[in-house]
């Protein structure tokens, strides 16, 4: 099942959404409008607006409110990516030069600020204060998750509970926001809102766990993430955390020593082998599979429909995808 198959029930609405988003991102400042057009050419799979639209469709009907919500989350997400590239000093995104790679950091930060402000104004101008509260909570969580990860990376002190808190805040919060906003745009039933919020939270965590296993499973060039990249950046993710819990103290101490010294590519391979030896990848995949099953169960309150089928297939896609 591909993303193209998953989006079939809402394909006409996606085309409408693209036009709405272009309108919301437009600026009369030539430099800003030039950067915005460049961003629009870079856009990836449109997973987040897709989830907003599918969540609305499973609850009722896609409406103008739904398109406003989808625009809000896409503007927020795009702003976060632009800022992330500045923070990470990344000069490339999806095979193209990043905004800071072309226009340098000052312009990139200002463009990210502009996109964030446009997202907030989309909600305010349309009186969608529920959307504003939901997305503001997501921004807070994303910031807290990122800072907690930085703290734990410096300390090299991460347990499984902290890992799940970080991925919930950093990644799952925005996916959850997409699903909740879609539900709110189409239904006044709090049970619908809660079910889709929790579905999104679980699927967002599955997505991140899958990303984290890529670092140890090889063939990662598809997503631009070489094997061992996380450990070279001193990121302790679930496969490695589990391996530490299974290995002897002496062996774990030796691996931590390598990580602290900012491992070379050769040393990173040693860490990857350590994770494989202690079944870290299998453990992470089992955790993700359990969360996927729980996410699917959240959709049981909805009547069968093409949109529900697509959300179920997207759950599978989040774990089975190769990139």
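The values are calculated or read from the model by the stated rules, or taken from the named source; none is laboratory data. Predicted model only: the values in this text are computed from it and were never measured. Positions of Cβ are backbone-derived with ideal geometry, glycine not excepted, and every protein chain shown enters the neighbour counts.
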Residue 60 being within 21 Å of residue 198 (Cα to Cα), touching a helix residue (DSSP H, G or I) at 6+ places or on another chain (Cβ under 8 Å) and surrounded by fewer than 24 Cβ atoms within 10 Å (Cβ to Cβ): yes
Might you check whether a residue that is at pLDDT below 90 and not in a helix (DSSP H, G or I) occurs anywhere in the stretch 264-282? yes
Odd one out for residue 33, checked against (1) in contact with a helix residue (DSSP H, G or I) (Cβ under 9 Å, 6 or more places away or on another chain); (2) free of Cβ contacts under 8 Å to residues at least 24 places away in the same chain; (3) surrounded by fewer than 13 Cβ atoms within 10 Å (Cβ to Cβ): (3)
Scan the stretch 78-91 and tell me whether some residue there is under 20 Å from the mean Cα position of the chain (by Cα), farther than 26 Å from residue 321 by Cβ and free of Cβ contacts under 8 Å to residues at least 60 places away in the same chain. yes
Exactly one of 245, 188, 252 is surrounded by fewer than 15 Cβ atoms within 10 Å (Cβ to Cβ), at pLDDT 90 or above and under 19 Å from residue 162 (Cα atoms), and that one is 245
Which of the residues belonging to the stretch 41-53 are exposed (fewer than 13 other Cβ atoms within 10 Å of the Cβ) and either part of a helix (DSSP H, G or I) or in contact with a strand residue (DSSP E or B) (Cβ under 8 Å, 6 or more places away or on another chain) (or both)? 41
Starting from the stretch 255-281, take each residue that is more than 17 Å from residue 212 (Cβ to Cβ) and list its partners that are surrounded by fewer than 15 Cβ atoms within 10 Å (Cβ to Cβ), counting only C-beta distances under 7 angstrom and pairs at least six apart or across chains. 256/156; 260/156
Candidate set from the stretch 85-100 (those that are assigned to a helix (DSSP H, G or I) and in contact with a strand residue (DSSP E or B) (Cβ under 9 Å, 6 or more places away or on another chain)); member that is nearest to residue 180 (Cα to Cα): 85
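Okay, residues lined up against (1) in contact (Cβ under 8 Å) with a residue 24 or more places away in the chain; (2) over 30 Å from residue 234 (Cβ atoms); (3) out of contact with any strand residue (DSSP E or B) (no Cβ under 8 Å at 6 or more places or on another chain); (4) not assigned by TED's automatic domain parsing to the domain that holds residue 171:
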{"position": "4", "(1), (2), (3), (4)": "no, yes, yes, yes"}
{"position": "26", "(1), (2), (3), (4)": "no, yes, yes, no"}
{"position": "29", "(1), (2), (3), (4)": "no, yes, yes, no"}
{"position": "55", "(1), (2), (3), (4)": "yes, yes, yes, no"}
{"position": "70", "(1), (2), (3), (4)": "yes, yes, yes, no"}
{"position": "75", "(1), (2), (3), (4)": "yes, yes, yes, no"}
Given the criteria at pLDDT 85 or above and touching a helix residue (DSSP H, G or I) at 6+ places or on another chain (Cβ under 6 Å), does residue 115 qualify? yes
Scan the stretch 144-159 residue by residue and report those that are in a helix (DSSP H, G or I) and either assigned by TED's automatic domain parsing to the domain that holds residue 238 or surrounded by fewer than 14 Cβ atoms within 10 Å (Cβ to Cβ) (or both). 147, 150, 151, 154, 155
